[in-house]
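Notes follow once the structure below has been shown.
The values are calculated or read from the model by the stated rules, or taken from the named source; none is laboratory data. The structure presented is a predicted model; accordingly, all values stated were derived computationally and were not measured. Here Cβ is always computed from backbone atoms with ideal geometry, including for glycine, and neighbour counts include all displayed protein chains.
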2 protein chains.
Amino acid sequence: MSDVSSSSVASRSNTQRGDHSAPNSSGQGDASAGAGPQDRPRAVGRPARPRAGEIRDFLEQEIVTGERRPGERLDESAVAARFGVSRTPVREAINQLVSAGLVDQIPNRGAFVRGMGLAELVEMFEVMAELEGMAGRLAARRIGEGERKRLREAMAACAEAAESSDTDAYYYENERFHQAIYDSCGNAFLAAEARRLHIRLKAYRRLQLRVPQRMRQSLAEHQRIVAMIEAGDGEGAEAELKSHISVQGERFADLVASLKAPLPRG
Amino acid sequence: MSDVSSSSVASRSNTQRGDHSAPNSSGQGDASAGAGPQDRPRAVGRPARPRAGEIRDFLEQEIVTGERRPGERLDESAVAARFGVSRTPVREAINQLVSAGLVDQIPNRGAFVRGMGLAELVEMFEVMAELEGMAGRLAARRIGEGERKRLREAMAACAEAAESSDTDAYYYENERFHQAIYDSCGNAFLAAEARRLHIRLKAYRRLQLRVPQRMRQSLAEHQRIVAMIEAGDGEGAEAELKSHISVQGERFADLVASLKAPLPRG
DNA sequence: CTCATGGAAATCGTATACAATCTCCTTGAC
DNA sequence: GTCAAGGAGATTGTATACGATTTCCATGAG
């Protein structure tokens, strides 16, 4: 229900990974300023599918994947030219990204990709751990038959990906696993909030899997989590999930520290 | 920090309570369609203060106070006429309300005031309890001298308001008390998230104080919370805060049930 | 050399115009 | 009488235009 509001950003076309080379008209890899000559004279009127959402998803992908660097400015006119649209839908898209917390808007300076510093990332993981733990605790008591099946399937898929050492696949299935827990907690609002945070941490979560052996360890944790939920042990599931996420946070800190990539804040 | 993103909606001019009779031009209580003759010919160009935010805050007030009934349609043209502006800033305002979760948008039907049903309110209070509990637990370990002083002052103010049975004052000081806890948890992101939820529940929180003896009991709970934090007992503070909020949720359900105001969902 | 002041350019927020799509109601046939 | 097809109206999403405000840079004085 509250999906409409919270997870509005990046709701559609998120499963299509890869394949985001260029918006539409300018097939060239010309990056930022573009403003190439528009062959088609800008179709006026109401398009079949709203362009604003499309632009939002695309920009979000660029930000989350790190293609757009933190601190980079999102120029309305440039983006508009790049997509072959006017500033109006671009403004709408950027506003939504601001609401989602991926972009900061400075009153008369413009919109900038929000670079999250290490401190803030740790804070966000701390909250994420709490929310996930809560979801797990509630799920242990409230999960239904359908969701239980989904959860099992998601974990099986994780296991399969881990066995074939397919990091990308594991990343994807891991998403599904956690979504399944959110949906099993019997609190749609909590699920939506968790999803929102999850999206916001997506870019950094992906890095974690680079840590050696992380995938295997993650899978083991998943198995313990499912066991707790299946046993109806709410406190146990909460503890497992909390440490699962917290470890991610710590690991991430380790990774960042070792890479000497401070991820500049502003 | 993340105030910019998360609590963007209803960030300013929220402390100014009351004083929201009419937008600007049409002083008449003419409600919806309006479209009265605009004496001033619609100032074009960039206004000193953006009108969109103003409109958003106003609509938010109307929704939160129940002036706009759940399920009511927000007609862009009507709102625009009422404020004496074009559809553009109104669209922006409505989009922000959608992001904030106060309004639902149905693709080709329009925007509708989101009526939060009892079920969803309970869900939100459940999450609120968790976040507040977390903030308290962290605050018990991390609170500094300055914040400790602020917390004590806030509680003293609560006590004073309770003694004089001033419900309005207590409502206000209670806000400050909880804000103080948020700010003491050493996690700015958590503080921002808690504040966001707090705002969203504001309308319903106010009703709670109508319950007999609630104010006195709330104060007692506050005292226990502070005691736990001062003692550095994180788990204790968490438990106290959780039950503090949860009680509010249950009490609220009682209140709603007794008032026979089902608050229809959609 | 530092600081204040002026103007020009960039940028933002809003007004207006317009076309495509959807909804709803009417009209007609079976 | 019921259902389908058609069109008129309403509504939406986007394009374009424009003025006000702000920022940035240059030029000048102290």
Test set (1) in the same structural domain as A:PRO47 (by TED's automatic domain parsing); (2) more than 16 Å from DNA strand D (Cβ to nearest atom) - A:SER165 fails condition number:
(1)
Which residues, taken from the stretch B:117-134, are more than 8 Å from chain A (Cβ to nearest Cβ) and not aliphatic (A, V, I, L, M)?
B:GLY117, B:PHE125, B:GLU132, B:GLY133
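Determine, yes or no, whether B:VAL103 is modelled with pLDDT under 95, more than 30 Å from B:PRO50 (Cβ to Cβ) and within 13 Å of chain A (Cβ to nearest Cβ).
no
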Are any residues in the stretch A:61-84 of a type outside the set (Ser, Thr, Tyr), in a helix (DSSP H, G or I) and more than 14 Å from every other protein chain (Cβ to nearest Cβ), and if so, which ones?
A:GLN61, A:GLU62, A:VAL64, A:ALA78, A:VAL79, A:ALA80, A:ALA81, A:ARG82, A:PHE83
Within the stretch B:90-111, restricting to residues that are assigned to a helix (DSSP H, G or I) and touching a residue at least 60 places away in the same chain (Cβ under 8 Å), the one that is nearest to DNA strand C (Cβ to nearest atom) is B:GLN96
Here is a list: B:ARG114, B:ARG46, B:ARG141, B:ARG87. Which entry is more than 16 Å from DNA strand C (Cβ to nearest atom), surrounded by fewer than 19 Cβ atoms within 10 Å (Cβ to Cβ) and within 13 Å of another protein chain (Cβ to nearest Cβ)?
B:ARG141
Residues to consider are A:ARG73, A:ARG82; find the one that is modelled with pLDDT of 90 or more, within 16 Å of DNA strand C (Cβ to nearest atom) and surrounded by 19 or more Cβ atoms within 10 Å (Cβ to Cβ).
A:ARG82
